[in-house]
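> I'd like to ask you about the structure that follows.
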Amino acid sequence: MRLRGMLCCLVGLFLVAPVCASDDDVAEMKRVLNITLQKLAELETWKAQHTFFDSGDTAWVMRSSSLIQMIALPGMALFYGGTAQASNVLSTVFQTFFICCLSSVLWFTVGYSLSFSRGSPVIGGADRFWLIGPVEKNNRISPITKK
């Protein structure tokens, strides 16, 4: 979508600029426009050939995130438990565990959809809440690596 917008701006510039430019400038602009269109066609061809889900990428990201969570959860619990009084350590550890569980549930309900579905340029849409339909036949771009 952004490529189309940039292309429209570029074409508009090349349509308006010749009014004020010399013949040499117009020839240079046409040459640059042709090179840009050729590069865009090459990019679209490459994108069509290299967009796919890769199970290795997905498995690696899932494994890495689970290892980080296994490291981070006890680390945060021990850190916050160390900052509390002795009588409040257990409460602080359970609060840390609860926050981790809550963030995981929020990711499955809302976060995945807002991160990886199509919506506005800033935030995604609501069509994949609760991980509904993460793999489609027409959408072959990997949500993990954005290949």
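> Please calculate how many Å² of accessible area segment 42-119 carries per residue, with a 1.4 Å probe and no DNA, RNA or ligand atoms counted.
Dividing the accessible area of segment 42-119 by its residue count gives 74 Å².
> Between S115 and L43, what is the spin-label point distance in nm, taking each point 7 Å from the Cα along the Cα→C-beta axis?
For the pair S115/L43, the computed spacing is 2.6 nm.
> Protein chains only, probe 1.4 Å: how do R128, R63 rank by accessible area, largest first?
On the way: R128 15, R63 150 Å².
Descending accessible area places them as R63, R128.
> Which order do V105, V122, V26 take when ranked by solvent-accessible area (1.4 Å probe, heavy atoms of all protein chains), largest first?
V122, V105, V26
> Compute, for T96, the solvent-accessible surface of its heavy atoms (probe 1.4 Å) with the complete set of protein chains present, and express it in square angstrom to the nearest 10.
About 10 Å², rounded to the nearest 10.
> From the phi angles alone, apply the Karplus equation (6.51, -1.76, 1.60; θ = phi - 60°) to segment 109-118 and give each ³J(HN,Hα) in whole Hz, x where the residue is Gly or Pro.
7, 10, x, 4, 5, 6, 8, 10, 8, 7
The values are calculated or read from the model by the stated rules, or taken from the named source; none is laboratory data. The structure displayed is predicted, hence computed values, not measured ones. As a convention, Cβ positions derive from the backbone with ideal geometry for all residues, glycine included, and neighbour counts pool all protein chains shown. Heads up: the accessible areas ignore ligands, DNA and RNA and are worked out on the full protein's heavy atoms, side chains in. Shrake-Rupley method; radii C 1.70, N 1.55, O 1.52, S 1.80 Å.
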